[in-house]
């Protein structure tokens, strides 16, 4: 489904006349409003959930530098122009097979940099569009993490964008949810009743979140979804006979 087809479906529901073109119809304020609502809805949907079609993985090699506050090893997030947000608990040192703790908040980061104690496991912090690592890693270790890409639209030539800029642009998001979002946003913008439209939209999004990607099978065994045994867990409550 394209930008044009999303707006065509919305126009049918809204009893609006069909548009010959959306992007090229710059003289029609209603066409441009609908286009803007598609962009607003796409960006809002992206923030609602880490949609599996928008999840990416990044790997980078570390560099060894003295661990000083002004020269801690950093990785520039601008190297990933589609970076939107980090997916929690996915940063790993793949070379040494260990997790990387974080993201560390401002107060804890200041404490780490002011302490003579070196952490056993590495940690990281996002700051000024950089990934800071502590303690100083050796040169050439491979780190990786997953993130949500801000690019939810693309052209036929696979040029990825955070908006739909031509009538034929397509989306990684659910087209029906996108259409329903445009419908309720249009009615809200015009001051019309949109409560039922919003309810239908929210039901659709909730169903999509529930079924997006895969889900592990629930089980009582002490084993992870990757089939790797977990460490024994002490019970939270001990009952004496």
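The values are calculated or read from the model by the stated rules, or taken from the named source; none is laboratory data. Computed from a predicted structure; not experimentally measured. So basically every Cβ, Gly included, is an ideal-geometry build from the backbone, and we count neighbours across all protein chains shown.
Tabulated results
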| read-out | value |
| --- | --- |
| Top-ranked residue in the range 120-132 [being out of contact with any helix residue (DSSP H, G or I) (no Cβ under 7 Å at 6 or more places or on another chain) and outside any strand (DSSP E or B); ranked as farthest from residue 85 (Cα to Cα)] | 120 |
| Meets criteria (surrounded by 12 or more Cβ atoms within 10 Å (Cβ to Cβ), modelled with pLDDT of 85 or more, touching a strand residue (DSSP E or B) at 6+ places or on another chain (Cβ under 9 Å) and over 30 Å from residue 164 (Cα atoms)) for residue 96 | no |
| Residue list for the range 76-118, restricted to those being assigned to a loop (DSSP other than H, G, I, E, B) and in contact with a helix residue (DSSP H, G or I) (Cβ under 8 Å, 6 or more places away or on another chain) | 104 |
